[in-house]
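Asks: Below is a structure I'd like to ask you about.
Values quoted throughout were computed directly from the atomic coordinates according to the rules given, and no laboratory measurement underlies them. The model shown is predicted, which means the values in this text are computed figures rather than measured ones. Every residue, glycine among them, receives a Cβ derived from its backbone with ideal geometry; neighbour counts consider all protein chains shown.
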Amino acid sequence: MKTSKLLRTLCLVLFFQQAFAQVGIEKASVDGDGILDFPENTTKGIILPRVSSISGAVNGTLIFDTSDNKVKVNNGTDWEELTTDTGAARVYENTVREVATNQGVILGSNTSSAPGVLVLESTDKALILPKIVEPHKNVVNPEPGMICYDVTNNTLSIFNGKTWEFWK
């Protein structure tokens, strides 16, 4: 009985240790204070969610708005455009069955009041974008809403479906 209880306690401790861990995608360790980090010298970026309307968005939510084909960020009260030129959205049919409809994946905390498929919840860690050398030259077929960090020009790079836009 004591062994079983000890084993359950150990499993819970290990589970919660992993739940608050930093996550590296295609890399062994996370740089600095990142909560989610991607490798350098890649041509893969983050594809933002494609939506035509969203309710209950919180400050910092990023989307590719298919109603006007622009990348936008929620500032807490309204949507601000991050891309000025109208892009072109590609339409895909979702063939993946959703396991849970009420909560996405949360990194950095057990719970979050923020709605989202992937929620990064931390007071001292941040998302580290995929680092790509000149994505406008090296990403052959970018998806609308792709976002990354250009390590050559030190810019936030966003593909709107037609052109790349850069933020310094």
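Asks: Residue by residue through segment 52-60, which ³J(HN,Hα) values in whole Hz follow from phi under the Karplus form 6.51 cos²θ - 1.76 cosθ + 1.60 (θ = phi - 60°), with glycine and proline marked x?
Replies: Values per residue, Gly and Pro as x: 9, 7, 8, 10, x, 5, 9, 3, x Hz.
Asks: Continuing with this model, one more query. For N153, which sequence-distant residues (separation of 5 or more, or a different chain) have an amide H within less than 5 Å of its own amide H, given hydrogens modelled in the peptide plane?
Replies: Amide H to amide H, under 5 Å and 5 or more residues apart or across chains, N153 pairs with E134.
Asks: How far apart, in nanometres, would the label points at S29 and S109 be if each is projected 7 angstrom from Cα along the Cα-to-Cβ direction?
Replies: 2.8 nm
Asks: Also: Rounded to the nearest angstrom and ordered from largest down, what semi-axes does the equivalent ellipsoid of segment 23-167 get from its C-alpha gyration tensor (root of 5λ)?
Replies: Rounded to whole Å, the semi-axes are 22, 21, 15.
Asks: Mind listing the long-range amide H neighbours of G145? Cut-off is under 5 Å, sequence gap 5 or more, other chains count too, H placed in the peptide plane at 1.01 Å from N.
Replies: F159, N160, G161
Asks: Then there's this: Around V119, which amide H atoms from residues at least 5 apart in sequence, or from another chain, sit under 5 Å from its own amide H, with H modelled in the peptide plane?
Replies: V105, I106, L107
Asks: Further question on the same structure: HN-Hα J couplings of segment 158-164 from phi, Karplus 6.51/-1.76/1.60, θ = phi - 60°, integer Hz, Gly and Pro as x?
Replies: 10, 9, 8, x, 10, 9, 8
Asks: Another question about this same structure. Count charges around K168 for me, please; just the other residues with Cβ under 15 Å from its Cβ, Lys/Arg as +1, Asp/Glu as -1.
Replies: Numbers: positive: none; negative: E134, D150, E165.
That works out to -3.
Asks: Taking the Cβ of T42 as the centre, find all other residues whose Cβ is under 11 Å away and add up their charges (Lys, Arg: +1; Asp, Glu: -1).
Replies: Net charge around T42: +1.
Asks: Can I ask one more? Apply the Karplus curve 6.51 cos²θ - 1.76 cosθ + 1.60, θ = phi - 60°, to the phi angles in segment 43-51 and return the couplings in whole Hz, x for Gly and Pro.
Replies: 10, 9, x, 8, 9, 6, x, 9, 9
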